[in-house]
Amino acid sequence: MNSRVEQRIVVPFDFPVIFTDHVFSPDNAALHSALDRLNDPGPRRAMLYVDAGADAATPGLAATAASWCRHWNITLAAPPRIIPGGEPAKNDWPATQGLVSEMLQLRLDRHAFVIIAGGGALLDAVGFAASLVHRGLRTVRIPTTALAQCDGAVGVKTAVNFAGGKNAIGTFAPPFAVLNDFQFLPTLADREWRGGIAEAFKVAIIRDRPFFDFLCENAPAFRERRHGPMRHLVQRCAELHLDHIRTGGDPFEMGRARPLDFGHWAAHKLELLSNFRISHGDAVAAGVALDSAYAALQGWIREEDFQRIHRVLAQSGFPLWYPEMEDPALLDGLREFQEHLGGELCITFPHGLGHRREESHVSPETIRASLHRLKSASAT
């Protein structure tokens, strides 16, 4: 005779996403309020990890952050660690293991904070290490790139690359808090500036037609690096990502669909085929353009919609065609995306601007025709 006990565990996760300026200014209490929000007794203890690129672009960032901690009586377990960021940070598995060892040696416990100031790759690598220590330390993300502020930093995932696979190992680990400091935006190189724009177009095309119209109207302003429109882009894009995670019914991606990965099956493969010469943001823009071309060929959006998407992405400064897109191995990205998802293939496409559809069958022949359409559009 069989017996069975039904078990259902509901665990709420709450974390603030705060938009601010000059987060490490001594008179800015935003980070302190975030750290103190649970009113835990006892002193606050933390470890600071800072992206080397961000520290160079904002000279003295690590020292300023340490000074802020002293001002607000946050005890640092060790001097701030300045770590090279970018995709190499996610490719270095021994370095990730070293971070785990360091956090254990510093005796960081589940009430201590791991404060990470950097781009999305560093947030992922250090966040992944922190999620493994004592089954999860309190991680505070301070994203310094537009792409991370729009997307990666506000999500609930960590990951590193492994055995040739993009984001092959990782965890679902919601942050303790996220602080988006708009003053990092002017320090970015052009391709890091563009990265957030790509993620904004991605989510607007499938979720928010008015936001898409705003992006189209301001495409020249983004290319000119105007701060005001970019602030709005970052905050609205982050809000849409948070809304999907909060209301989509599948925050830990147990189901088959991942709408926020629109354009990403090709983007991830482009990054790998180029040995990460193509940045994530540029790859996403090309992937979004490719899947929009596919949607137009299938009649899910109008041809003029595809032309508009292509035009405004180009106006925003994105290259939309790369030699790697002619590599037959690009289509292997569909299989690899399916393996990453598990189960049957599920690709998100636009279905009218501001709406989406999920498809389990994607025609290789139509993908090739879409590539030809995209190459022709990019040559004009």
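Couple of notes before you dig in:
- The residue that is farthest from ILE115 (Cα to Cα), counting only those in the range 174-233 that are among the acidic types (Asp, Glu) and touching an Asp or Glu at 6+ places or on another chain (Cβ under 7 Å), is GLU199.
- The strands (runs of 3 or more DSSP E) found wholly in the range 62-141 and carrying at least 2 residues that are over 13 Å from VAL160 (Cα atoms) and touching a residue at least 60 places away in the same chain (Cβ under 8 Å) occupy 113-118.
- Residue match in the range 357-369 (condition: basic (Lys, Arg), surrounded by fewer than 19 Cβ atoms within 10 Å (Cβ to Cβ), farther than 18 Å from LEU313 by Cβ and touching a strand residue (DSSP E or B) at 6+ places or on another chain (Cβ under 8 Å)): yes
- On inspection, ARG246 qualifies as closer than 30 Å to ASP14 by Cβ, loosely packed, with under 14 Cβ neighbours inside 10 Å and out of contact with any Lys or Arg (no Cβ under 8 Å at 6 or more places or on another chain).
- With respect to the conditions (1) in contact with a Ser or Thr (Cβ under 9 Å, 6 or more places away or on another chain); (2) at pLDDT below 95; (3) not in a helix (DSSP H, G or I), ARG37 lacks only one, and its number is (1).
- Failed condition for ALA200, given (1) touching a residue at least 60 places away in the same chain (Cβ under 8 Å); (2) in a helix (DSSP H, G or I); (3) within 16 Å of the chain's Cα centre (by Cα): (1)
- Residue in the range 175-186 that is open to solvent by less than 30 Å² (accessible area, probe 1.4 Å) and of a type in the set (Asp, Glu) present: yes
- The criterion of at least 3 residues that are touching a Ser or Thr at 6+ places or on another chain (Cβ under 8 Å) and modelled with pLDDT of 95 or more is met by the following helices (runs of 4 or more DSSP H) wholly inside the range 261-380: 280-298, 303-315.
- Qualifying positions in the range 203-224 - within 21 Å of the chain's Cα centre (by Cα) and not in a helix (DSSP H, G or I): ASP208
- Against the conditions (1) modelled with pLDDT of 95 or more; (2) at positive phi, ARG141 satisfies every one except (2).
- Subset of the range 142-197 (residues that are closer than 19 Å to LEU61 by Cβ and assigned to a loop (DSSP other than H, G, I, E, B)): THR144, THR145, LEU188, ALA189
- Residue within the range 201-221 that is among the β-branched types (Val, Ile, Thr), under 13 Å from GLY281 (Cβ atoms), buried (at least 23 other Cβ atoms within 10 Å of the Cβ) and out of contact with any Pro (no Cβ under 6 Å at 6 or more places or on another chain) present: no
The values are calculated or read from the model by the stated rules, or taken from the named source; none is laboratory data. Quick caveat: nothing in here was measured; it's all calculated off a predicted structure. Cβ atoms come from the backbone with ideal geometry, glycine included; neighbour counts cover every protein chain shown. In case anyone asks, the SASA skips ligands and DNA or RNA and just uses the protein heavy atoms, side chains included. Shrake-Rupley method; radii C 1.70, N 1.55, O 1.52, S 1.80 Å.
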